[in-house]
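**Student:** Take a look at this one; I'll ask things after.
The values are calculated or read from the model by the stated rules, or taken from the named source; none is laboratory data. Predicted model only: the values in this text are computed from it and were never measured. Please note: Cβ atoms are built from the backbone with ideal geometry, for glycine as well, and neighbour counts cover all protein chains shown.
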Amino acid sequence: MLKTLHKVSSHSSKILARDDGGDVLRYGDLTDHENFWREAIPERSFVILLCENTVPHLGAYIGLHAAGHAILLLPAKISNAHLMQMIETYQAQAVVSVQNGLVRCEQHYVRSEALHPDLSICLSTSGSTGSPKLVRFNDRQLYANAESIAEYLDLTEDEIPLAHLPMEYSFGLSVIHSHMLVGATLLLSNASVMQPQFWENFSEATSLAGVPFHYDMLLRIRLEKRDSKNLRTLVQAGGRLPKDKVLTLHDIASEKGWKFHVMYGQTEAGPRITWLPHSCIPEYPDCIGQPIPGVEVELVNEEMVIKSSSVMMGYAETRADLSEGDVMNGVLYTGDLAEWVDDRFLRIKGRKSRFIKLQGNRVGLQEIEDFFASIDIEVVCKGVDDSLTVFTTSGPKEKISETIIENFSFSPRSFNVVLLDEVPRLSNGKIDYKSLNALGDGGV
């Protein structure tokens, strides 16, 4: 799918991607990458690719896919313990990484259970919490979402997106897929908003995609004072951005002649589901917008249920799950509660289950609690998007904070640790979350 996703000639010298180090990948190079991986791994395999936003990583991703392998994308900075857990859980036949610009391929399981013939890409559901649960996609699902994104954003071959979101993250991967579809040129970058390289790329880019954390930073460092000769579009997804900031970004974009669009999605949906166009933001700043082309949304007991050809094949938690076909049949219960506004746009009211998003990554509150329980520390978590509170009876607070940063890589600004005398509980012994909510962030 990836090699044929674009409409550019396989002999074209047009640049598909350029990275921070100056390396270049051309559309005409893709066949060479495919041939390399057909020789390196002759039999169809389940391959883990450790990702960074560089040309060698993108070339490996496209080549592995074109060679017919099923790929699990994971961050290059993954801990060794977590990587070994994923290798063993899914009996990966190979792990591909890039070190000092050179591609490495380590063989692992020689024989494993057969893969479903349609299985193409797997992504983690966990963000940064380390859950081994995966989302399974086939080519048709990925293509459908890329095609829809290209349509509603009116993407063309002269686009130059700043692709700084991690490629193993569904939002970042969708930026790559949708722009490849139209034959655009990607500016691949690992630079953060606070680094000069980011702004060098920004000055050349035609579009920028970000999560609330990124836009918080951009506003803090006065985005309105920054200039770009080419920029046309800003897009935001990956969690709720407060409506006052949505309006501020809309005003900045309008003043500079840009467009700012708000979007909503889930990894399981491929990932985009709705979008709120720039022109509609002043009247509906707290909405997630309308379904994108090819997506239908129905509210069932207030829960958003979507129907789309881009919905995943299903989850995987074992190697055997990788042999299963499509069990979703194009229907996804999102777990988000919503309402229609003026019969036109959707507004999120809350989450059905205990998940929040921090810096664009989905975080399971139960997973954090379970981790601390495994090291004999009692914590209880509550939170909303981009704000996590961790209650504990085990001090000192600084030690809990250090443990969170070390094991989950959360920004110190995204969470707060509160020390309690005791965790409030109901008569049945279960945690009294309502009482915790009443405590706020101050503790007792």
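**Student:** Just to be sure I understand the filter: pairs with C-beta atoms under 6 Å, separated by 6 or more residues or on different chains, first member in the range 320-343 and outside the structural domain of Ala92 (by TED's automatic domain parsing) and touching a residue at least 40 places away in the same chain (Cβ under 8 Å), second member among the hydrophobic types (A, V, I, L, M, F, W, C) and assigned to a helix (DSSP H, G or I). Which pairs pass?
**Tutor:** Listed pairs, sorted by first residue: none to list.
**Student:** Could you tell me how many of the residues in the range 401-425 are aliphatic (A, V, I, L, M) and under 20 Å from Ser79 (Cβ atoms)?
**Tutor:** Total meeting the criteria: 2.
**Student:** With a cut-off of at least 2 residues that are under 22 Å from the mean Cα position of the chain (by Cα) and over 16 Å from Ala320 (Cβ atoms), name the strands (runs of 3 or more DSSP E) lying wholly within the range 70-140.
**Tutor:** Filter on the range 70-140 gives 70-75, 94-99, 121-124, 134-137.
**Student:** Kindly provide the set of residues from the range 35-51 that are buried (at least 20 other Cβ atoms within 10 Å of the Cβ) and not hydroxyl-bearing (Ser, Thr, Tyr), ordered by number.
**Tutor:** Scanning the range 35-51 gives Trp37, Phe46, Val47, Ile48, Leu49, Leu50, Cys51.
**Student:** Being of a type in the set (A, V, I, L, M, F, W, C) and in a strand (DSSP E or B) is the filter; apply it to the range 286-326 and report the residue that is surrounded by the fewest Cβ atoms within 10 Å (Cβ to Cβ).
**Tutor:** Among those that are of a type in the set (A, V, I, L, M, F, W, C) and in a strand (DSSP E or B), it is Val300.
**Student:** Hey, another quick one. Is it fair to say His69 is under 22 Å from Thr318 (Cβ atoms) and crowded, with 16+ Cβ neighbours inside 10 Å?
**Tutor:** Yes, satisfied.
**Student:** Checking the conditions here, which among Glu106, Glu151, Glu88 is farther than 19 Å from Val331 by Cα, surrounded by fewer than 16 Cβ atoms within 10 Å (Cβ to Cβ) and touching a residue at least 24 places away in the same chain (Cβ under 8 Å)?
**Tutor:** Numbers: Glu106 fails: touching a residue at least 24 places away in the same chain (Cβ under 8 Å); Glu88 fails: touching a residue at least 24 places away in the same chain (Cβ under 8 Å).
Checking each option against the conditions leaves just Glu151.
**Student:** Search the range 217-243 for residues being assigned to a helix (DSSP H, G or I) and touching a residue at least 12 places away in the same chain (Cβ under 8 Å), and hand back the single one that is surrounded by the most Cβ atoms within 10 Å (Cβ to Cβ).
**Tutor:** Leu218
**Student:** Scan the range 131-182 for residues that are of a type in the set (Lys, Arg) and over 25 Å from Gly364 (Cα atoms) and jot them down.
**Tutor:** Of everything in the range 131-182, just one residue is of a type in the set (Lys, Arg) and over 25 Å from Gly364 (Cα atoms), namely Arg140.
**Student:** Taking the range 331-374 only, how many residues are in contact with a strand residue (DSSP E or B) (Cβ under 9 Å, 6 or more places away or on another chain), assigned to a loop (DSSP other than H, G, I, E, B) and crowded, with 16+ Cβ neighbours inside 10 Å?
**Tutor:** Number satisfying all stated conditions: 2.
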